[in-house]
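The values are calculated or read from the model by the stated rules, or taken from the named source; none is laboratory data. Here the structure is a predicted model, which means the values were calculated and not measured. Neighbour counts run over all protein chains shown; Cβ positions are idealised from the backbone, glycine included. Calculation scope for accessible area: heavy atoms of the full protein, side chains included, ligands and nucleic acids excluded. Shrake-Rupley method; radii C 1.70, N 1.55, O 1.52, S 1.80 Å.
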Amino acid sequence: MEGFFTPEDYYFMELALEEARLAFEEDEVPVGAVLVSPIGEVLAKTHNEVIKRGDPTAHAEILALRAGAEKLLNYRLLGCKLYITLEPCPMCAYAIVLARLEEVIFATPDPKTGAVISLYSLLSDKRLNHQVKFRYGLYQREAETLLKEFFREKRLSG
């Protein structure tokens, strides 16, 4: 659901947008993610690196979850929040469920592959053993603009 956003939410989503801009500069789909601990510590700042790593799973969310698990020495990221510039795909959404995140905040829906509100509802599916709270819409215009610009440039270049 769209939700109320705190000053901390704005701060962390701005960091995620910075990561998305880095992805853009690296010719990756501009998606950024920031994983935050229950006490507000940034555990990971990541962006898509699919092309750089030659890895179809190197989405910003997956990289953030991996870095956070490594830092906390635990695959369960209880109480953590993930800020993402784009609605997670099915792979990332299910990884978020498996990591037992508390909440996901994403900037803009993804009508083609989104698995939170667009195509599927993985984070809130009661058939799964964990549900993840979510909010969206924070810096939606900025995230959409970055994505549209990226794909416009791709179409123009070839």
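Which residue, 69, 20, 143, tops the fluctuation ranking in a GNM of the chain built on C-alpha contacts under 10 Å?
Answer for the Gaussian network model of the chain: 69.
Please state, rounded to one decimal and in Å, the Kirkwood hydrodynamic radius that region 91-146 gives when every pair of distinct Cα atoms enters the mean of 1/r. The partial results should precede the final answer.
Details: mean 1/r = 0.0858 Å⁻¹.
Over region 91-146, the inverse of the mean reciprocal pair distance is 11.7 Å.
What accessible area per residue comes out for region 1-144, rounded to a whole number of Å², with a 1.4 Å probe? Kindly include the intermediate steps, with their values, before the conclusion.
Working: 7120 Å² over 144 residues.
Using a 1.4 Å probe on heavy atoms only, each residue of region 1-144 averages 49 Å².
Pick from 50, 36, 116: which residue has the top mean-square fluctuation in a GNM of the chain where Cα pairs under 10 Å get a spring?
In the Gaussian network model the winner is 50.
Work through the residues other than residue 101 whose Cβ is under 11 Å from its Cβ and net out their charges, Lys, Arg +1 and Asp, Glu -1.
+1
Is region 13-80 best put as rounded, prolate or oblate by its Cα gyration tensor, with a ≥ b ≥ c the root eigenvalues, rounded for a/c under 1.5, and otherwise prolate when a/b is larger than b/c, oblate when not? Before the final figure, lay out the partial values.
Working: a/c = 3.21, a/b = 1.52, b/c = 2.11.
The shape class here is oblate.
If I require 24 Å or longer along the helix axis, counting alpha carbons, and a Kyte-Doolittle average no lower than 0.5, what helices from the chain are left? Use full DSSP H segments. Intermediate values should be presented prior to the final figure.
Numbers: long enough: 7-25 (27 Å, -0.28); 140-157 (26 Å, -1.19).
Span-like helices in the chain: none at all.
Checking the cross-link filter: which aspartates and glutamates have an alpha carbon closer than 17 Å to that of residue 148, excluding same-chain neighbours under 8 positions apart?
Excluding near neighbours in sequence, the set is 18, 19, 25, 26, 27, 28, 87, 110.
From the helices alone, meaning DSSP H stretches of at least four residues, give me the mean residue ellipticity at 222 nm for the chain, per-run term -39500 (n - 2.57), in deg cm²/dmol to the nearest 500.
Working: 5 runs with 63 residues, N = 158.
For the chain, the value works out to -12500 deg cm²/dmol.
Report, by chain and number, residues whose modeled amide H sits under 5 Å from the one on residue 85, excluding near sequence neighbours (fewer than 5 apart, same chain).
Close amide H contacts, sequence-distant or interchain: 32, 107.
So for the pair residue 102, residue 130, with labels modelled 7 Å out along Cα→Cβ, what separation do we get in nm?
1.4 nm
How large, in percent, is the carbon and sulfur part of the accessible surface of the chain at a probe radius of 1.4 Å?
Working: 4650 of 8310 Å².
Percent of accessible area from carbon and sulfur atoms in the chain: 56.
Mind telling me which of 74, 48, 129 comes out most flexible in a GNM of the chain, alpha-carbon contacts under 10 Å?
Fluctuation is largest for 129.
Straight-line reach from residue 154: which lysines fall under 24 Å, measuring Cα to Cα and dropping same-chain residues less than 8 apart?
Hits, sequence-local ones excluded: 52, 112.
Expressed as cubic angstrom per residue, what is the convex hull volume of the alpha carbon set of region 1-124? Before the final figure, lay out the partial values.
Working: hull volume 11.7 nm³, N = 124.
That works out to 94 Å³ per residue.
Under 1.5 on a/c is rounded, so check that first for region 61-158, then, if it is not, pick prolate when a/b is larger than b/c and oblate when it is not; a ≥ b ≥ c are the square roots of the alpha carbon gyration tensor eigenvalues.
Numbers: a/c = 2.18, a/b = 1.67, b/c = 1.30.
Cα axes put region 61-158 in the prolate bin.
Distance between Cα centroids, region 119-156 to region 61-75: provide it in whole Å.
Cα centroid of region 119-156 versus Cα centroid of region 61-75: 20 Å apart.
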